[in-house]
Amino acid sequence: HPETGLVRDRCHVNGEDRREVASVAATGFGLTALCIADQRRWLKPGEAAARVRTTLQFLHERMPHEHGFFYHFVNWRNGEREWRCELSSIDTAILICGVLTCRQHFRDRQIRQLAQEIYERVDWAWMLNGQSLLSHGWKPETGFLKARWDTYCEHMLLYLLAIGARQHAIPAAAWEEWKRPWVEYRGFRYLSPREPIFVHQYSHAWFDFHGKRDRHADYFANSVVATQAHQAFCAGLADRWPHFSQDVWGITASDSARGYVAWGGPPEIGELDGTLVPSAAAGSLPFLPQDCVRCLRQFRERHTAAAWTRFGLADAFNPAKGWVGPDVIGINAGISLLMAENARTGFVWNTFMENPEARRAMKLVGFRKS
């Protein structure tokens with residue numbers, strides 16, 4: 001939005017869309033995308049910085065918040081809560097990752113000051129609500145959500161931001177509180193919950209885990225194995241849908257012909273129907289670059305007429321049914337762009353890891369060279 005800088009949750013692939021719901025997570029990806037755009041000179045000099053400044057001013061001065069946390073879905077014109085949604089800990093954390101990427105990329109005093117104050121305003125300790133694990137969120141009507149970030153998933157970025165913060169930090173011991181379930185699939189052994197492949201991607205968009213490990217795992221290597229297992233799982237679907245193969249694969253949370261679904265595998269999650277989701281491979285580009293590029297090129301070459309839009313590959317499409325998702329979804333487009341840039345240059349990692357809080361958090365929880 002030109003006045004708030006908030007990024008819509010979704011938009012029709014033709015660009016014509018009157019929906020006004022923004023996502024704070026999509027805005028976090030969008031802020032990081034502006035850093036990439038500035039670095040690659042996709043925008044005129046100063047244009048990206050001006051857009052970032054607009055966004056941060058709105059977040060700092062006008063966006064409704066509670067203890068520094070933002071609502072998951074908001075109106076993109078005024079930042080007001082939509083759909084009686086929750087104040088979201090993970091979506092706020094994704095937004096903060098974008099804010100902090102801007103703090104390091106732009107040599108602009110106002111951007112840096114606003115970014116620092118937005119981060120330091122977040123009361124991470126409040127989101128513990130007296131327990132050892134962070135809550136998924138809070139609602140003014142009912143208080144804290146019962147669900148806790150208690151099992152390995154995309155929440156690593158949330159815990160590291162909370163542990164490394166200069167203000168309102170949580171104890172580093174919280175890192176040891178969540179479960180790390182090991183699974184095996186066709187000879188692949190790795191940490192994984194029963195969740196789509198994106199949980200192995202999101203924290204890695206900003207935090208650089210490459211060549212590092214804590215006492216439990218090398219999480220970058222773990223995501224490599226998780227991606228290999230997912231590729232093998234999808235190839236195994238070829239007996240049901242012949243368009244799947246070792247080179248054509250990928251299912252993660254996305255739109256479908258019956259609405260938004262969180263599906264994938266292994267093991268099989270949700271009612272699969274042959275739909276392919278490009279961000280599954282695009283979001284794993286740093287983990288399996290050759291295989292992921294080969295997959296994305298197959299999508300581009302085989303399904304150009306149906307699946308290629310003004311925004312690039314469609315969010316999801318089903319060659320067997322001739323269905324193509326009508327929308328681009330902000331977080332799926334976002335993870336694709338950020339991980340493509342990390343695979344090419346490491347720019348997002350290098351920029352974000354300049355934040356002293358990020359380095360401090362990884363040190364506090366015991367990361368060392370693998």
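The values are calculated or read from the model by the stated rules, or taken from the named source; none is laboratory data. Just so you know, these numbers come straight off a predicted model, no measurement behind them. Counting neighbours? That spans all protein chains shown, and the Cβs are built from the backbone with ideal geometry, glycine included. Only protein heavy atoms, including side chains, enter the accessible area calculation; ligands, DNA and RNA are left aside. Shrake-Rupley method; radii C 1.70, N 1.55, O 1.52, S 1.80 Å.
Based on alpha-carbon positions alone, could you give the equivalent ellipsoid semi-axes of region 115-176 from the gyration tensor, as √(5λ), descending, whole Å?
Calculated on Cα positions only, the semi-axes equal 18, 16, 10 Å.
GluC sites (Glu not before Pro) within region 4-70: which are DSSP loop residues with at most 14 other Cβ atoms inside 10 Å?
When the GluC sites (Glu not before Pro) of region 4-70 are filtered for loop state and at most 14 Cβ neighbours within 10 Å, GLU16 remain.
Two-decimal Rg/Rh of region 90-149 from alpha-carbon positions, Kirkwood Rh?
1.09
How large is the Kirkwood hydrodynamic radius of region 208-261, in angstrom, based on all distinct alpha carbon pairs?
By the Kirkwood definition, the hydrodynamic radius is 13.2 Å.
Using only the alpha-carbon atoms of region 154-239 as identical scatterers, what base-10 log of I(q)/I(0) does the Debye formula give at q = 0.24 Å⁻¹?
Per q value, in the given order, log10 I(q)/I(0) is -1.31.
Considering only protein heavy atoms, what per residue accessible area in square angstrom results for region 156-229 with a 1.4 angstrom probe?
I get 38 Å² per residue for region 156-229.
What are the lysines whose alpha-carbon lies under 30 Å from the alpha-carbon of LYS369, with same-chain residues fewer than 8 places away excluded?
LYS179, LYS212
Would you list ARG297, ARG359, ARG19, ARG40 from the most to the least accessible area, probe 1.4 Å?
So the residues, ranked largest to smallest area, are ARG297, ARG359, ARG19, ARG40.
Sort all Cα-Cα distances of the chain into consecutive 10 angstrom bins from zero, then give the percent of pairs in each bin up to the one containing the longest distance.
5, 25, 35, 26, 9, 0
Can you compute the equivalent ellipsoid semi-axes for region 155-297, i.e. the square root of 5 times each eigenvalue of the Cα gyration tensor, sorted largest first and rounded to whole Å?
Equivalent ellipsoid semi-axes, largest first: 29, 16, 14 Å.
If you take the charge dipole of the chain about its Cα centre, with +1 on Lys and Arg Cβ and -1 on Asp and Glu Cβ, which of SER132, GLN246, PHE73 is farthest toward its positive end?
Farthest towards the positive end: GLN246.
What's the ranking of 304-314, 336-346, 215-225, 278-288 by average number of surrounding C-beta atoms within 10 Å, highest first?
278-288, 336-346, 215-225, 304-314
Kirkwood hydrodynamic radius, region 1-153, all distinct C-alpha pairs: what's the number in Å?
The answer is 16.0 Å.
Can you find, among PRO267, CYS102, PRO356, the residue farthest towards the positive end of the dipole of the chain? Put +1 on the C-beta of Lys and Arg, -1 on that of Asp and Glu.
My answer, from the dipole projection, is PRO356.
List the GluC sites (Glu not before Pro) within region 81-163 that DSSP assigns to loop and that have no more than 14 neighbouring Cβ atoms inside 10 Å.
For GluC sites (Glu not before Pro) across region 81-163 that sit outside H, G, I, E and B with at most 14 neighbouring Cβ atoms in 10 Å, the list reads GLU141.
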